[in-house]
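Here the structure is laid out as structure tokens; the discussion comes afterwards.
The values are calculated or read from the model by the stated rules, or taken from the named source; none is laboratory data. Source: prediction; values computed, not measured. Here Cβ is always computed from backbone atoms with ideal geometry, including for glycine, and neighbour counts include all displayed protein chains.
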Amino acid sequence: MPSEDSTRRRVALVTGAASGIGRSVAMALAKDQWTVVMAGRRQAPLEEAARGGGPRCIPMPCDVSSESSVDALFARIETEVGRLDLLFNNAGTASPPAPLEETPLASWQAVIGTNLTGTFLCTRAAFRLMKKQTPRGGRIINNGSISATAPRPWMIAYTASKHAVTGLTRATALEGRRHDIACGQIDIGNAGTEMTSSMSRGTLQADGTLQPEPQFDVSHVAEAVLYMAGLPLDANVLFMTVMATKMPYVGRG
């Protein structure tokens with residue numbers, strides 16, 4: 001554990017940190033001298049990712065869709081690290097594309113469980129810790145999606161979950177005011193990760209065709225999150241969109 005005093009050290013929690021956007025953001029925060037708790041379901045990849053960030057990165061396995069797992073994670077953060085200044089609610093999943101009428105309930109529940117319930121559970125636990133720590137307060141950044149308002153076809157569970165996250169962001173920002181807790185959201189369009197690599201080969205469009213879509217380097221997402229995280233608590237980016245310039249979004253569908 002880093003040796004700095006917990007009242008001066010900046011501590012961040014990144015969920016879904018073993019790969020993709022979460023890993024990129026965790027590495028950027030560690031480089032900027034944050035102590036970074038990296039959470040994820042799979043312990044081996046999580047530990048490998050944390051080693052890449054050096055001693056400031058602390059791997060802590062967690063299933064964000066499980067209340068007991070989230071509670072255990074935050075108990076460890078409070079006991080072992082001492083405080084929390086930033087929560088990046090990044091953990092997310094999507095089900096295989098399927099028409100609405102053919103979407104299994106299990107697929108719906110898995111997406112909602114991670115993307116929405118997981119974000120709520122981590123936000124609730126962060127609120128409890130941020131309210132009582134000294135100095136109090138902190139920042140929560142939710143990973144939303146442009147799909148919340150401009151959905152892709154055959155992705156109803158993902159769309160619904162991210163639309164709900166937008167509401168959760170607004171409600172969290174409102175309730176956080178009196179406790180010095182700021183909350184914002186970053187909506188990302190086509191960041192280049194392993195999860196989105198297939199987009200260059202073709203993505204289902206609203207007219208039923210498959211079309212390749214441009215992507216952008218995931219490091220720009222990390223830079224955007226770093227900017228949001230570095231603001232004083234009396235300033236907040238409520239919503240930010242970072243996207244590939246030429247992707248179909250404005251006018252999509």
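Here is a yes/no grid of residues against (1) aromatic (Phe, Trp, Tyr); (2) at pLDDT below 90; (3) in contact with a helix residue (DSSP H, G or I) (Cβ under 7 Å, 6 or more places away or on another chain):
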| residue | (1), (2), (3) |
| --- | --- |
| Pro153 | no, no, no |
| Ala164 | no, no, yes |
| Leu168 | no, no, yes |
| Ala182 | no, no, yes |
| Ile186 | no, no, yes |
| Gly189 | no, no, yes |
| Arg201 | no, yes, no |
| Gln211 | no, yes, no |
| Ala235 | no, no, no |
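Residues Ala182, Ala98, Ala206: which one is within 19 Å of the chain's Cα centre (by Cα) and among the hydrophobic types (A, V, I, L, M, F, W, C)?
The conditions single out Ala182.
Does Ala39 count as of a type in the set (A, V, I, L, M, F, W, C), modelled with pLDDT of 95 or more, in a strand (DSSP E or B) and surrounded by 14 or more Cβ atoms within 10 Å (Cβ to Cβ)?
yes
Select from region 213-222 the residues that are in contact with a helix residue (DSSP H, G or I) (Cβ under 7 Å, 6 or more places away or on another chain), at pLDDT 90 or above and either over 25 Å from Leu129 (Cβ atoms) or not in a helix (DSSP H, G or I) (or both) and list them in ascending order.
Gln215, Val218, Ser219, Val221
Return the pair list, or none, for Cβ contacts closer than 6 Å from residues in region 32-45 that are over 15 Å from Ser19 (Cα atoms) to residues that are part of a strand (DSSP E or B), at least 6 apart or on different chains.
Trp34/Ala12; Thr35/Val11
Look at Ala72 and say whether it is of a type in the set (Gly, Ala, Ser), without any contact (Cβ under 8 Å) to a residue 12 or more places away in the chain and farther than 25 Å from Ser161 by Cα.
When the stated conditions are applied, Ala72 does not pass them.
In the list Ser198, Ser219, which residue meets the criterion of being among the hydroxyl-bearing types (Ser, Thr, Tyr) and within 21 Å of Asp32 (Cα to Cα)?
Answer to the selection: Ser219.
Restricting to region 52-91, count the residues that are closer than 18 Å to Ile181 by Cα, part of a helix (DSSP H, G or I) and touching a strand residue (DSSP E or B) at 6+ places or on another chain (Cβ under 9 Å).
The qualifying residues number 2.
Determine which member of the set Pro96, Pro135 is at pLDDT below 95 and not in a helix (DSSP H, G or I).
Being at pLDDT below 95 and not in a helix (DSSP H, G or I) holds for just one of Pro96, Pro135, which is Pro96.
Could you pull out the residue among Asn115, Asn142 that is touching a helix residue (DSSP H, G or I) at 6+ places or on another chain (Cβ under 7 Å), assigned to a helix (DSSP H, G or I) and either within 14 Å of Thr15 (Cβ to Cβ) or not acidic (Asp, Glu) (or both)?
Just a single option satisfies the conditions, and that option is Asn115.
Being surrounded by 18 or more Cβ atoms within 10 Å (Cβ to Cβ), charged (D, E, K, R) and under 15 Å from the mean Cα position of the chain (by Cα) is the requirement here; does Arg152 meet it?
When the stated conditions are applied, Arg152 does not pass them.
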